[in-house]
Ligand SMILES: [Zn+2]
């Protein structure tokens, strides 16, 4: 089997970033609320079409109600982009809910996404990448073929803990939730999660496709990292993945937006990747993907899960 690559994009709208940064979503104009649909999705579709790559979008069910979102997603799906489930509410505390409540939320998103793609989504990504035993039970009972929530990145974990601490000290608490440190030792390649500890190998019926981090140092090779780090660091980190069966390259819609698109300054000052011009970020993505295009077969995550499950058999 050839090595696989997949770009998966979390389409979280700007209100979710306000929640993370301890800001009120009321700072967003209608124009800003619609930016993922009106600017980010068209830019992503153009890039993937130019490079002739398949990709996966993780859709937040509630965001489908935003103006222009449904049409933008339908167009992306026509282009061959997979639409997968990123929950309905994108509630950061979802992993602490009972299984029944998680099932209800995710099912609502399944129904909304299916109305657009005419296909039941096969994949799920947890809000804030935080998974629990009750969430494993929900994903399994909804018969997902794969999930892609495990993000075993050490610097990401430390940065999140420190930002949350600072916002708490400023009495402007973040709605984000810090995961169990067990995630830091989670497998970095496709595995079946344990029902008790989703960050250990076990016998779940679905496959977990962890978001790519470099071996050993566990640097997060994701869109924000690639757009913000000095180019030699990015090149080295991507080179470190050369033997990985899957490069699960995770982006966010805001990776192709910037403050000049009409994002409030107060949000951009805290979410600093929004200060980098979108054209510059897109040029860097294009360069990297052009270099990697022939080294791997670029597929949707659903296709990757199908191919990789042969190497991770189910012993239920
Ligand atoms: Zn998200």
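The values are calculated or read from the model by the stated rules, or taken from the named source; none is laboratory data. The shown structure was predicted, so the numbers you read here are calculated from the model rather than taken from an experiment. Reconstructed Cβ throughout: ideal geometry from the backbone, glycine too, with neighbour counts over all protein chains shown.
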**Asked** Which ones in region 135-153 are under 17 Å from the mean Cα position of the chain (by Cα) and part of a helix (DSSP H, G or I)?
**Response** 135, 139
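Yes or no: region 31-45 includes at least one residue that is closer than 15 Å to residue 109 by Cβ and modelled with pLDDT of 95 or more.
No, region 31-45 contains no residue that is closer than 15 Å to residue 109 by Cβ and modelled with pLDDT of 95 or more.
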**Prompt:** For region 15-25, what are the residues that are within 15 Å of the ligand (Cβ to nearest atom) and touching a residue at least 24 places away in the same chain (Cβ under 8 Å)?
**Reply:** 16, 17, 18, 19, 20, 21
**Asked** Of all residues in region 260-294, how many are under 18 Å from residue 19 (Cα atoms) and surrounded by 14 or more Cβ atoms within 10 Å (Cβ to Cβ)?
**Response** 8
**Request:** Could you list all residues from region 70-98 that are more than 15 Å from the ligand (Cβ to nearest atom) and in a loop (DSSP other than H, G, I, E, B)?
**Result:** 79, 80, 81, 97, 98
**Complete:** Within region 108-134, restricting to residues that are away from the ligand (no atom under 16 Å from the Cβ) and part of a loop (DSSP other than H, G, I, E, B), the one that is nearest to the chain's Cα centre (by Cα) is 122
**Request:** Would you list the helices (runs of 4 or more DSSP H) that sit entirely within region 8-66 and hold 1 or more residues that are buried (at least 19 other Cβ atoms within 10 Å of the Cβ) and under 17 Å from the mean Cα position of the chain (by Cα)?
**Result:** 14-20, 41-51
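Tell me, yes or no, whether region 120-133 has at least one residue that is out of contact with any strand residue (DSSP E or B) (no Cβ under 8 Å at 6 or more places or on another chain), closer than 20 Å to residue 304 by Cα and at pLDDT below 95.
yes
In this structure, is residue 101 at pLDDT 95 or above and more than 13 Å from the ligand (Cβ to nearest atom)? Let's see the steps before the verdict.
Numbers: at pLDDT 95 or above: yes; more than 13 Å from the ligand (Cβ to nearest atom): yes.
For residue 101, the condition - at pLDDT 95 or above and more than 13 Å from the ligand (Cβ to nearest atom) - is met.
Condition test on residue 12, is it farther than 24 Å from residue 308 by Cβ, in contact with a strand residue (DSSP E or B) (Cβ under 8 Å, 6 or more places away or on another chain) and within 16 Å of the ligand (Cβ to nearest atom)? Can you show your working first?
Working: farther than 24 Å from residue 308 by Cβ: yes; in contact with a strand residue (DSSP E or B) (Cβ under 8 Å, 6 or more places away or on another chain): yes; within 16 Å of the ligand (Cβ to nearest atom): yes.
Judged against the criteria, residue 12 is a match.
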**Message:** Need pairs with beta-carbon distance below 6 Å; first residue on the phi > 0 side of the Ramachandran plot and within region 118-133, second modelled with pLDDT of 95 or more; sequence gap 6+ or separate chains.
**Reply:** 129/149
**Item:** Where residue 260 falls short, out of the listed (1) closer than 26 Å to residue 42 by Cβ; (2) more than 16 Å from the ligand (Cβ to nearest atom); (3) in contact with a helix residue (DSSP H, G or I) (Cβ under 7 Å, 6 or more places away or on another chain)
**Value:** (3)
**Item:** Complete set of residues in region 208-239 that are touching a strand residue (DSSP E or B) at 6+ places or on another chain (Cβ under 6 Å) and in a helix (DSSP H, G or I)
**Value:** 223
